[in-house]
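Contents: one structure, followed by commentary.
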Amino acid sequence: MGATEVRGMEEKKIELLSAGYRTWHLANLIMFSLLLVTGLSLIALPWLSWLAYAVGTPLATLSGLDPDAYAVTAGVQLFRTLHRLFGPIWGAVTIAYFLYLLLSNRIVIHRALLKPIGVQLREAFYVAKAYSIGGEIPEDVRRHMHRHNVLAVYANAFLVIGFVLLGISGISIMFFTPAGDLHRLMIVIHNIGFYSIMLFVLSHIFASLHPRNFWLASAMFGNGMVSEKHAREDMPAYFNEKK
Ligand code: HEM
C-alpha cells in the first residue's frame, strides 16, 4: 500500500498495492478456497460427494477398507481433518497480518466511516448506481472518496463479523469439544459466520471484477502498480490527505 513513484513512458504509475499486501491476499485467497471446498463437503455433501468419493477411494483402499462402502466416508473424514488444519492457519495468518498493519499504522480502511453518515449514504448510493446501471459519480461525492469507497468498507464489516463468529465457534468445537445442544449451537454460529463471509466474498468479487475496478484487480494480481490518474480520480480524499 506504499506510494513508490515510477515514471512510465507516457503515464505516471504509482505502487498502490504493496508486495506484502498482494502476497497476503493471494495466500488468503488460496486458504479461503481450501476452507470453502473442505467445509462445503461437510455441510453440503450432496454437492461435493463426487469429490469426497474421488479422494476417498484411494484413501479407503490404502487404509484396508472396502472402497465400495467407505470411499465417501474416508473422503469426508480427510476433508474434516484438513478443514481443522486450514482453519487455524488462516486465522493465525490473518490475525498476524492485521496486527502488523495495526502496529505499523497502515490501516486506512476505516477512514470512509469517519465521514458524516449523510455523506456516506450519498456515496453508497452513487457507487451502487455506478456499479449497477452505470453513470458517473458526481464531483462533490467523489471529492470525499477515500482509499476504499464506503460500500467496500460496509462489505468488509461482514468479513470481520464472520471471521469473529467462525473463530469463536471453530476454537470452541476443536478445543473444548462441546456436546449436545452446545455443540449444535456452535455449529449454527459457525454456519452464520460462513454466510456472513460469503456475503463479503460475493460482493467483493463482483466489485473487484467490475469493469470500473478492473485496473485495481489487474494490479492486485500483477505488480501492484496503477496509473496515478486512475487512483487520483477514484480516491481523491486519500491522495489529498497524503500530500
Ligand atoms: C476472484 C477473486 C478475487 C479478486 C479478483 C479480488 C480482488 C481484490 C482487489 C483488487 C483488492 C484490492 C482492493 C483495494 O485495496 O482497494 C482486494 C482486497 C482484499 N481482498 Fe480480494 N479478491 C478476490 C478474492 C478474495 C477472497 C476470496 C477474499 C477473502 C475471503 C478476499 C479478501 C480480500 C480482503 C480482506 C481485501 C482487503 C480489503 C478490501 O479491499 O476489501 N479477496 N481483493
Would you confirm whether any residue within region 53-64 is within 28 Å of L159 (Cβ to Cβ), out of contact with any strand residue (DSSP E or B) (no Cβ under 9 Å at 6 or more places or on another chain), among the small types (G, A, S) and exposed (fewer than 15 other Cβ atoms within 10 Å of the Cβ)? no
For the condition of a type in the set (F, W, Y), more than 16 Å from the ligand (Cβ to nearest atom) and under 21 Å from P88 (Cβ atoms), what is the one hit in F175, F194? F175
Looking at region 167-225 only, could you name the residues that are in contact with a Phe, Trp or Tyr (Cβ under 6 Å, 6 or more places away or on another chain) and among the hydrophobic types (A, V, I, L, M, F, W, C)? L199, F200
Among (1) under 29 Å from A27 (Cβ atoms); (2) surrounded by 13 or more Cβ atoms within 10 Å (Cβ to Cβ), where does W47 come up short? (2)
Can you list residue pairs whose Cβ atoms sit under 6 Å apart, with the first residue in region 204-225 being more than 7 Å from the ligand (Cβ to nearest atom) and the second being basic (K, R)? Count only pairs 6 or more apart in sequence or on different chains. G224/R22; M225/K13
Cβ-Cβ below 7 Å, separation at least six or inter-chain, first residue in region 120-142 and basic (K, R) and surrounded by 11 or more Cβ atoms within 10 Å (Cβ to Cβ), second in a loop (DSSP other than H, G, I, E, B) and at pLDDT 95 or above: which pairs? none
What do you reckon, is A92 small (G, A, S) and surrounded by 15 or more Cβ atoms within 10 Å (Cβ to Cβ)? no
Go over the candidates G180, G162 one by one and state the one that is within 30 Å of T38 (Cβ to Cβ) and touching a residue at least 24 places away in the same chain (Cβ under 8 Å). G162
Going by the structure shown, is V76 part of a helix (DSSP H, G or I) and touching a Lys or Arg at 6+ places or on another chain (Cβ under 6 Å)? no
Could you check, for region 32-44, whether at least one of its residues is free of Cβ contacts under 8 Å to residues at least 60 places away in the same chain, away from the ligand (no atom under 13 Å from the Cβ), more than 26 Å from V160 (Cβ to Cβ) and aliphatic (A, V, I, L, M)? no
Please verify whether region 111-128 includes one or more residues that are closer than 23 Å to R232 by Cβ and modelled with pLDDT under 90. yes
Residue hits (region 208-243; out of contact with any helix residue (DSSP H, G or I) (no Cβ under 6 Å at 6 or more places or on another chain) and of a type in the set (K, R)) are R212, K229, K242, K243
Starting from region 146-158, take each residue that is in contact (Cβ under 8 Å) with a residue 12 or more places away in the chain and list its partners that are of a type in the set (D, E, K, R), counting only C-beta distances under 7 angstrom and pairs at least six apart or across chains. H146/R111; R147/R111; N149/E123; V150/E123
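The values are calculated or read from the model by the stated rules, or taken from the named source; none is laboratory data. It should be emphasised that the depicted structure is a prediction, and the values quoted were computed from it without experimental measurement. Every residue, glycine among them, receives a Cβ derived from its backbone with ideal geometry; neighbour counts consider all protein chains shown.
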